[in-house]
Amino acid sequence: MTAAASDNWSPVQQRRLDEFQTARTVDIHCHCLPGLDDGPATLDDALQLCEALVADGITTVIATPHQLGRYDLLNSAAEIFATLLELSHELEARHIPLEIMPGGDVRVDERLPKLLDAGQIAPVADAGLHLLLELPHDLFVDPVPTIDLLAKRNLQVIMTHPERHPYLSRRFDWAEAWLSRGACLQITAGSLLGDFGGRAYEVAWHLVENGFATLIASDAHDAHRRPPRMSQAIQVLTERVGPHITRKLAIDNPLRVLSGEIIPSS
């Protein structure tokens, strides 16, 4: 992990820190490690994405390669950490002011408790009290049993990009059920800007405006096709729902994940 000194932040990062009077601006979901999944293929691609994160005002990113699903038993926690260290060393050598922490974007799977015990699955950040949980895109799999199992292990589940699943647009009661079990909902910044189509845009704003959304994150995969869009999302959130909700979704709750604090339900 890099440890960028506070006096080395870029002007854009420092403006974000000053705007929100915070010590860090955190992106909890980003595919920034090279050669592991559908994120950057090469080290150079990864560095370009990291520079884009800096330009987007992010000081601290949690690297979350896909785990399970079509990456079944690939991208172990050990491999993620080793790749993260290599990227961190390059960031330091190139004076790119970005902290990077380990994590994973984990497909829902009945083997999760066993894989966690074996150390193959990566909870989010060093605190390790949260886990990003991803559902299949087109086929609904009820995550409630997994949410309950992980809660017994003191892991708070963060459901990733629910607005992009077509089946959720018809069943908001499912999202309510996840929240009632202590899970969180993470909205992709680009969904709030229309990057994933009209349906995802409408569902994302429904979740935000009805108090279901817990956090926003970039879910960036590269610097060009799927870049970080946190700055634009923060702007439109502020305009549409006000600074208090924006701060909670974009600043405070991501910081809670980084520091290992359970995010309250309200």
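Check whether at least one residue in the stretch 173-186 is assigned to a helix (DSSP H, G or I), at pLDDT 95 or above and either under 23 Å from residue 60 (Cβ atoms) or basic (Lys, Arg) (or both), and report yes or no.
The answer is no; no qualifying residue exists.
Which condition breaks for residue 216 when tested against (1) farther than 24 Å from residue 34 by Cα; (2) touching a Leu at 6+ places or on another chain (Cβ under 8 Å)?
The failed condition is (1).
Check off (1) assigned to a helix (DSSP H, G or I); (2) of a type in the set (A, V, I, L, M); (3) over 18 Å from the mean Cα position of the chain (by Cα) for residue 74 and give me the number that stays unchecked.
So residue 74 meets the others, but not (1).
Name, by its number, the condition in (1) touching a Pro at 6+ places or on another chain (Cβ under 6 Å); (2) at pLDDT 95 or above; (3) not charged (D, E, K, R) that does not hold for residue 8.
Just one mismatch for residue 8, condition (2).
Residue-by-condition table, conditions (1) in contact with a Ser or Thr (Cβ under 6 Å, 6 or more places away or on another chain); (2) free of Cβ contacts under 8 Å to residues at least 24 places away in the same chain; (3) within 21 Å of residue 127 (Cβ to Cβ):
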| site | (1), (2), (3) |
| --- | --- |
| 21 | no, yes, no |
| 25 | yes, no, yes |
| 49 | no, no, no |
| 52 | no, no, no |
| 65 | no, no, yes |
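Suppose we filter the stretch 225-266 for residues that are in contact with a helix residue (DSSP H, G or I) (Cβ under 8 Å, 6 or more places away or on another chain) and exposed (fewer than 14 other Cβ atoms within 10 Å of the Cβ); how many remain?
2
So for the stretch 60-69 (the condition being buried (at least 16 other Cβ atoms within 10 Å of the Cβ) and part of a helix (DSSP H, G or I)), does at least one residue qualify?
no
With 149, 131 as the choices, which residue is outside any loop (DSSP other than H, G, I, E, B), buried (at least 20 other Cβ atoms within 10 Å of the Cβ) and either out of contact with any strand residue (DSSP E or B) (no Cβ under 6 Å at 6 or more places or on another chain) or modelled with pLDDT of 95 or more (or both)?
On inspection, the qualifying residue turns out to be 131.
Do the conditions hold for residue 110, that is, is it on the phi < 0 side of the Ramachandran plot and touching a residue at least 40 places away in the same chain (Cβ under 8 Å)?
no
From the set of residues in the stretch 70-90 that are out of contact with any strand residue (DSSP E or B) (no Cβ under 9 Å at 6 or more places or on another chain) and among the acidic types (Asp, Glu), which is surrounded by the most Cβ atoms within 10 Å (Cβ to Cβ)?
My answer is 90.
Only one of (1) part of a helix (DSSP H, G or I); (2) within 19 Å of residue 215 (Cβ to Cβ); (3) at pLDDT 95 or above fails for residue 168. Which number is that?
It is condition (3) that residue 168 fails.
Kindly indicate whether any position in the stretch 162-174 is small (Gly, Ala, Ser) and under 19 Å from the mean Cα position of the chain (by Cα).
Taking every residue of the stretch 162-174 in turn, none turns out to be small (Gly, Ala, Ser) and under 19 Å from the mean Cα position of the chain (by Cα).
Any idea how many residues of the stretch 27-58 are surrounded by fewer than 24 Cβ atoms within 10 Å (Cβ to Cβ) and either of a type in the set (Ser, Thr, Tyr) or part of a helix (DSSP H, G or I) (or both)?
Adding up the residues that qualify gives 10.
Could you give me the residue pairs with C-beta distances under 6 Å whose first residue belongs to the stretch 200-218 and is on the phi < 0 side of the Ramachandran plot and part of a loop (DSSP other than H, G, I, E, B), whose second residue is acidic (Asp, Glu) and crowded, with 24+ Cβ neighbours inside 10 Å wherever it lies, and which are 6+ apart or on separate chains?
Pairs that qualify, where the first residue is on the phi < 0 side of the Ramachandran plot and part of a loop (DSSP other than H, G, I, E, B) and the partner is acidic (Asp, Glu) and crowded, with 24+ Cβ neighbours inside 10 Å, are 218/27.
Hey, any hits in the stretch 190-212 for a residue that's surrounded by 18 or more Cβ atoms within 10 Å (Cβ to Cβ) and closer than 21 Å to residue 101 by Cβ?
no
Every residue in the stretch 219-250 that is part of a loop (DSSP other than H, G, I, E, B) and charged (D, E, K, R), please.
Matches in the stretch 219-250: 219, 222, 225, 226, 229.
Among (1) within 29 Å of residue 10 (Cα to Cα); (2) without any contact (Cβ under 8 Å) to a residue 60 or more places away in the chain; (3) surrounded by 15 or more Cβ atoms within 10 Å (Cβ to Cβ), which single condition is residue 122 missing?
With respect to (1) within 29 Å of residue 10 (Cα to Cα); (2) without any contact (Cβ under 8 Å) to a residue 60 or more places away in the chain; (3) surrounded by 15 or more Cβ atoms within 10 Å (Cβ to Cβ), residue 122 is out only on (1).
The values are calculated or read from the model by the stated rules, or taken from the named source; none is laboratory data. Values in this document were obtained by computation on a predicted structure and should not be read as measured data. Cβ coordinates were reconstructed from backbone atoms using ideal geometry, including for glycine residues, and neighbour counts include every protein chain displayed.
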